[in-house]
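Undergrad: Dropping the structure in here first, questions after.
Readers should treat all values here as calculations from the given coordinates under stated rules, not as data from a laboratory. The shown structure was predicted, so the numbers you read here are calculated from the model rather than taken from an experiment. FYI the Cβ positions are ideal-geometry reconstructions off the backbone, even for glycines, and counts take in every protein chain you see.
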Amino acid sequence: MIAWAPSEAFAERIEHYRERVDARIALELGRERQAPEPLRAAMEYSVLGPGKRVRPLLVYAAGELWDISLPCLDAMAAAVELVHAYSLVHDDLPAMDDDDLRRGRPTTHRAFDEATAILAGDALQALAFELLCEDPALAGMPECQVRIISLLARAVGPAGMVGGQLLDLQAENEIVTEAALEQIHRRKTGELIRAAILMPSALANLDAARRRELDTFASEIGLVFQIRDDLLEIEQDTTTLGKNAGSDQANNKATYPSVLGVEAARERADQVYAAAMRALDSFAERASGLRWLSDFILERSY
Ligand code: IPE
Ligand code: IPE
Ligand code: MG
Ligand code: MG
């Protein structure tokens, strides 16, 4: 059981949750898998670098809705961060966004080489699914385990992140409608955030109405995350971001500020955030962690 009281601020649990997910990832990376060097080193560099761990925190905050046991949440949190890290490594490759700075350090293909970065990304993704399949805490609930694995697989597959990444590349140098841009953002970024929030619910007894509300919250806050990301590229400096500010402009990306203008992009983020918050109403005090993270997602400075 999770030792927390609703009155206790989620902020006080963040460091504990970050330590748990990093420890679980380190444990998996440390297991004997005969990963040759520098593959193992590139995996570790990519996933245990100084990221915010927002997706694992969403897993833990969603788990607080129903007191899901921490060992079950650790597996989901680690898997989500592993696939996120893989997506960043590939996103930065020369064939994609061609970036050389990530989390304040050289991108994986710069710190190692391109082939090692591609393979490290592949290996991080496979490890995420291996971990979920072999996790002892989930093994006793095979039907829930399959639902969790399916949620993550769909989120990062052709209907989700990878499809969204292709649409994002196709939209470079093109004039796109707001509706098309919204689809890109929901898919390339939103779907994985949605999966992070929905995976713990596979272990809960939710009625259809609550499930719909949680899904609405998860979808909307995923979109807010990427609108904010677009704005940060314009408003923030490279050192604070830990990645190159202005990369979107250099690549002529379709972004909320480029399509709507900065002011309208901010307003859109506020509107989508408000819709996300309304969907959480019936979860009352239990959703305080998700609300705290939503505020961070809307207002974050990096
Ligand atoms: C960056 O995600 C990539 C996007 C989907 C916008 P984060 O801002 O969560 O990156 P890290 O994990 O903190 O580095
Ligand atoms: C990242 O989108 C989406 C994924 C990695 C799947 P961006 O390309 O806009 O994010 P940053 O700015 O490189 O982090
Ligand atoms: Mg990209
Ligand atoms: Mg990028």
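Undergrad: With the calculation restricted to Cα positions, what are the radius of gyration and Dmax of segment 113-166 in angstrom?
TA: 13.4, 41
Undergrad: Could you sort 78-86, 35-43 so that the peptide with the highest average Cβ count within 10 Å comes first and the rest follow in order?
TA: Those peptides, ordered most packed to least, come out 78-86, 35-43.
Undergrad: Now for a different question. Need one number for segment 38-102: average projected area of the convex hull over its C-alpha atoms, nm².
TA: Spelled out: convex hull of the Cα atoms, projected over all directions, averaged, 5.1 nm².
Undergrad: For segment 223-302, taking Cα atoms only, what is the radius of gyration to one decimal and the Dmax to the nearest whole Å?
TA: 14.1, 44
Undergrad: Wrap a convex hull around the Cα atoms of the chain, take a quarter of its surface area, and give that in square nanometres.
TA: Orientation-averaged projected area of the Cα hull: 14.6 nm².
Undergrad: In a shell of Cβ-Cβ distance under 13 Å around Gly222, excluding Gly222 itself, what net charge do Lys and Arg (+1) and Asp and Glu (-1) give?
TA: +1
Undergrad: Note down the magnitude of the dipole of the chain about its Cα centre, charges +1 on Lys and Arg C-beta and -1 on Asp and Glu C-beta and zero elsewhere, to the nearest 20 debye.
TA: Using only the charged Cβ atoms, the result is roughly 560 debye.
Undergrad: So, in Å, what gap is there between the alpha-carbon centers of segment 63-135 and segment 215-292?
TA: Cα centroid to Cα centroid, the span is 21 Å.
Undergrad: Sorting check: for 184-190, 201-207, which peptide has the highest mean count of neighbouring beta carbons within 10 Å, and how do the rest follow?
TA: 184-190, 201-207
Undergrad: Please report Rg (one decimal) and Dmax (integer) in Å for the Cα set of segment 168-302.
TA: 15.7, 47
Undergrad: If you project the alpha carbons of segment 139-222 onto the principal axes, what extent comes out on each, in Å, largest first?
TA: Here the Cα extents, ordered largest to smallest, are 50, 25, 14 Å.
Undergrad: Quick one: what are the phi-derived ³J(HN,Hα) couplings along segment 136-148, Karplus 6.51/-1.76/1.60 with θ = phi - 60°, whole Hz, x for glycine and proline?
TA: x, 5, 8, 4, x, 10, x, 5, 5, 4, 5, 4, 5
Undergrad: Moving on. Is segment 1-110 best put as rounded, prolate or oblate by its Cα gyration tensor, with a ≥ b ≥ c the root eigenvalues, rounded for a/c under 1.5, and otherwise prolate when a/b is larger than b/c, oblate when not?
TA: Prolate, since a/c reaches 1.5 and a/b exceeds b/c.
Undergrad: Still on this model: I want to verify the translational diffusion coefficient of segment 139-188 in µm²/s; compute it with Stokes-Einstein, Rh as the Kirkwood radius over Cα pairs, at 37 °C and 0.692 mPa s.
TA: Rounded to a whole number, D works out at 271 µm²/s.
Undergrad: Further, regarding this structure: Return the long-range amide H neighbours of Leu101 (sequence gap of 5 or more, or a different chain), with a cut-off of under 5 Å between placed amide H atoms.
TA: For Leu101, the qualifying residues are Thr107, Asn244.
Undergrad: Further question: May I ask you to work out the translational diffusion coefficient for segment 60-170 at 10 °C, viscosity 1.306 mPa s, via Stokes-Einstein with Rh from the Kirkwood sum over Cα pairs, reported in whole µm²/s?
TA: Result for D is 104 µm²/s.
Undergrad: Let me ask something else. Work out, step by step, the length gained on full extension between Thr238 and Val262: first 0.36 nm times the residue separation, then minus their alpha carbon distance; give nm to one decimal.
TA: 6.8 nm
Undergrad: Let me ask something else about it. Per DSSP H run of at least 4 residues, take -39500 (n - 2.57); add these up for the chain, divide by its residues and hand me the 222 nm value, nearest 500 deg cm²/dmol.
TA: The per-residue figure over the chain is -20500 deg cm²/dmol.
Undergrad: If packing is taken as the average count of other Cβ atoms within 10 Å, what order do 245-251, 234-240, 116-122 fall into, highest mean first?
TA: For the peptides 245-251, 234-240, 116-122, the packing ranking is 116-122, 245-251, 234-240.
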